[in-house]
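Readers should treat all values here as calculations from the given coordinates under stated rules, not as data from a laboratory. This structure is a prediction, so every number in the text was calculated from the model and none was measured. Cβ sites come from the backbone with ideal geometry, for glycine too, and all protein chains shown count toward neighbours.
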């Protein structure tokens, strides 16, 4: 009925050509990273062992393991989460459940975008000025973690707000009609339906916090400290900074060592991101509304 | 029916129970959480200004700071504070990064958003998201240990830590983020637009170039701007991959030094309250203002489409 005209054929060819071009561009974006990750595995894989993960660095960090750095990163991330998750969820609840459409809400949203966009080194300067000097925490886990918490706050806020807003409005109305207060509705109906989405945001934040280096350089992470921190007022080594140190600051490091550190760091980050993504897909499949 | 109905009184109307107080308390608490972002962003500006103020009032000279290229902040006799070369370093690396990132990011966004379907689309989206998660210190390490020898061998140059290295690294870092924001912008174009064009006999490609891209123009521009902001503020990767020498680059094989990297490399060596220390915070204020303006512009552009 419809005959293929010449024009049509040419259009089809153009389309096929561009489709191929964009497919290639997508893969050219992804491919270098696959190559990089496999290089890290190839060059650093051999050094990874239980010893490497659970012993202290020795010989001026040219031998031994990475345990204090691994342990320190867990500390830093843990304290940062304690500070940012409650604030982030509160902010998300306000924005999703209470905030009217006015100038204040617009300013809050702008502040969140900027908090995520301010360079990490400026966050570090803020951490030095505010936590290390003004609040007199000194260079400590507390100062570093609070700096990290403020920096990654937008990750929690945005993910939590999204999952709170995904709870249908009818759920809230049904609850209000039963005479429940606003908070009772949030506590018993909205949060339970959004908690898993919030959790994926928190996992993403853990991953972001693990990899950050600049904000902790001057606020609490030490280059070399071959023992474990005992309180939040101690300094600590951190895995991300350790990678910077062994790859730029220490002479005569065996080649495999920095590759091994990079591999552990990237594995932690990618595994946490994968968990978060898998969890999100599982939830999307399970959704009942 | 002479008398009106009596007003219905809620049993607890005059006698506020615990629930009422809990409700008000929680409302106040989440409000504090809500405005915390404003408090923090203002706090950042106040505290970096407080630390930089001594330098700004005593030593700062606008012309010297922004138009000379001599950065010798720790010279004992005659310290010089010119950041022109550092601005040139940041600008050259960010510029090259955008040349690398923009076509790939937009190409990937168009493929994932408009051509790919079903499972394939999901896989690609996940891969792009994972790329965006790689920490900047790992990128810096890649620049140092993989790109550096590669550049030396390929182009037969003495040093592989230069604008080219950092620009490519930064481009690879910024592209996934730009791609996912750009894809969101494409997704925001209503399907009815595409269906209307397809019903007229347009091919996919015609739909994309004539309908989808014009409609998503502002969102795509916002994505590019956010990528620029990202590049401008990136610290660890440019610290490790640029070669870190103060220099206005003449070619992409010259080593440079970025604004962010200068702070990261020098803050540890300065005494609190010294001129050098204040100068580094002043660079911080400059970075804060620039990224603030970039983010504000990007936000206004993206908001623009939602209204129009």
- Length-normalised contact order for segment A:16-81 - Cα pairs under 8 Å, 6+ apart - percent: 17
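Rounded to the nearest 500 deg cm²/dmol, what is the calculated helix-only ellipticity per residue at 222 nm for chain B, with -39500 (n - 2.57) per DSSP H run of length n ≥ 4? Mind dumping the intermediate values first?
Values: 12 runs with 203 residues, N = 308.
It lands at -22000 deg cm²/dmol.
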- Estimate the FRET efficiency between residue A:74 and residue A:10 by the formula 1/(1 + (r/R0)^6), using the beta-carbon distance for r and 45 Å for R0, to the nearest 0.05. 0.15
- Query: Order of B:35, B:285 from fewest to most other C-beta atoms within 10 Å?
  - Reply: B:35, B:285
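Give the average, rounded to an integer, of partner chain Cβ atoms located within 10 angstrom of each Cβ in B:22-31.
On the way: counts 4, 8, 3, 1, 9, 8, 0, 5, 13, 7.
If you average over the peptide's residues, the count of other-chain Cβ atoms is 6.
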- In degrees, nearest ten, helix B:217-233 long axis to first principal axis of chain B (Cα): 50
- Length-normalised contact order of chain B, Cα under 8 Å, at least 6 apart, in percent, tallies to 25
- Between residue B:56 and residue B:117, what length comes free when the chain is fully extended (0.36 nm per residue of separation minus the Cα-Cα distance, one decimal in nm)? 16.4 nm
- Quote the Stokes-Einstein diffusion coefficient, in whole µm² s⁻¹, for chain A, based on the Kirkwood radius over alpha carbon pairs, a temperature of 37 °C and a viscosity of 0.692 mPa s. 149
- Query: Considering every pair of different Cα atoms, what Kirkwood radius, in Å, is found for segment B:18-58?
  - Reply: 12.5
- Task: Starting from the Cα of residue A:171, step 7 Å along the direction of its Cβ; do the same at residue B:187; then give the gap between the two resulting points in nm.
- Result: 2.0
- Task: Could you work out the Kirkwood radius for the protein assembly as shown, taking every pair of different alpha carbons, averaging 1/r and inverting it, reported in Å?
- Result: 26.0
- Message: Taking only the Cα atoms of segment A:39-180, how large is their convex hull per residue, in Å³?
- Response: 202
- Item | Shielding by partners - mean other protein chain Cβ count within 10 Å, residues of A:145-156 | 1
- Message: Can you divide the C-alpha Rg of segment B:80-307 by 2.2 N^0.38 Å and report the result to two decimal places?
- Response: 1.16
- Taking a crude spin-label model, label points 7 Å out from Cα along the C-beta direction, the residue B:293 to residue A:34 distance in nm is 4.2
- Rounded to whole Å and sorted largest first, list the principal axis extents of the Cα atoms in segment A:29-111. 58, 35, 20
- Message: Per-residue counts of other Cβ atoms within 10 Å, averaged by peptide: what ranking do you get for B:286-297, B:256-267, highest first?
- Response: B:256-267, B:286-297
- Neighbouring Cβ atoms within 10 Å as the yardstick, rank B:51, A:255 fewest first. A:255, B:51
- Item | Fluctuation leader among B:205, B:20, B:71 - chain B, Gaussian network, Cα springs under 10 angstrom | B:20
- Distribution output for segment A:133-289: share of Cα-Cα pairs per 5 Å bin in percent, first bin at 0, values 2, 8, 13, 14, 14, 12, 10, 9, 7, 5, 3, 1, 1, 0, 0
